[in-house]
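Colleague: Dumping the structure here so I can ask a few things about it.
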Amino acid sequence: QVQLVESGGGLVQPGGSLRLSCGASGFAFAFSSYDMNWYRQAPGKERELVATSTGYYGLTNYADSVKGRFTVSRDNTNNTVSLQMSSLKPEDTAVYYCHAHRPGYSILYDSWGQGTQVTVSS
């Protein structure tokens, strides 16, 4: 059974930094073959894709709203993916979710973490 466990959320002042981590276990295939994504959902808003680290090649993509401020990275040896967030803004406040998808497979097989709260406020 796949488990994704996020950590590192909290309260930070505008302009500050946080690092989120997601530990993965129970994958049927090599962790390196999965697209690992970070999503976020703010109150009253739809869940949005924030950052992606693709499987196999580890290419990265970012939402325009976080480009240049957030960095996604992965450690395929330890089955972890991280999201380094800097220059945080109040509008970054949301629950952040780790998500795994294996390319070529149905989204029915996707996995989600439980989420970690990030609050940016003075």
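The values are calculated or read from the model by the stated rules, or taken from the named source; none is laboratory data. Just so it is clear, the structure is predicted and the values come from calculations on it, not from any experiment. Don't worry about glycine lacking a Cβ; one is built from the backbone with ideal geometry, like all the others, and counts go over all protein chains shown. For accessibility, only protein heavy atoms count, side chains too; no ligands or nucleic acids. Shrake-Rupley method; radii C 1.70, N 1.55, O 1.52, S 1.80 Å.
Colleague: For region 28-45, give me each residue that is open to solvent by 40 Å² or more (accessible area, probe 1.4 Å) and under 16 Å from Q1 (Cβ atoms).
Modeller: A28, F29
Colleague: Follow-up. Step by step: first the residues of region 18-27, then only those that are within 15 Å of the chain's Cα centre (by Cα) and small (G, A, S), then the one that is surrounded by the most Cβ atoms within 10 Å (Cβ to Cβ). Which residue is that?
Modeller: Ranking the qualifying residues of region 18-27, first place goes to A24.
Colleague: Mind listing whichever residues of region 71-122 are surrounded by 13 or more Cβ atoms within 10 Å (Cβ to Cβ), aliphatic (A, V, I, L, M) and not in a strand (DSSP E or B)?
Modeller: The answer is L88, and nothing else.
Colleague: Something else about it: Only one of these is under 21 Å from R19 (Cβ atoms), of a type outside the set (S, T, Y), without any contact (Cβ under 8 Å) to a residue 24 or more places away in the chain and part of a strand (DSSP E or B): N61, N37. Name it.
Modeller: Among N61, N37, only N61 is under 21 Å from R19 (Cβ atoms), of a type outside the set (S, T, Y), without any contact (Cβ under 8 Å) to a residue 24 or more places away in the chain and part of a strand (DSSP E or B).
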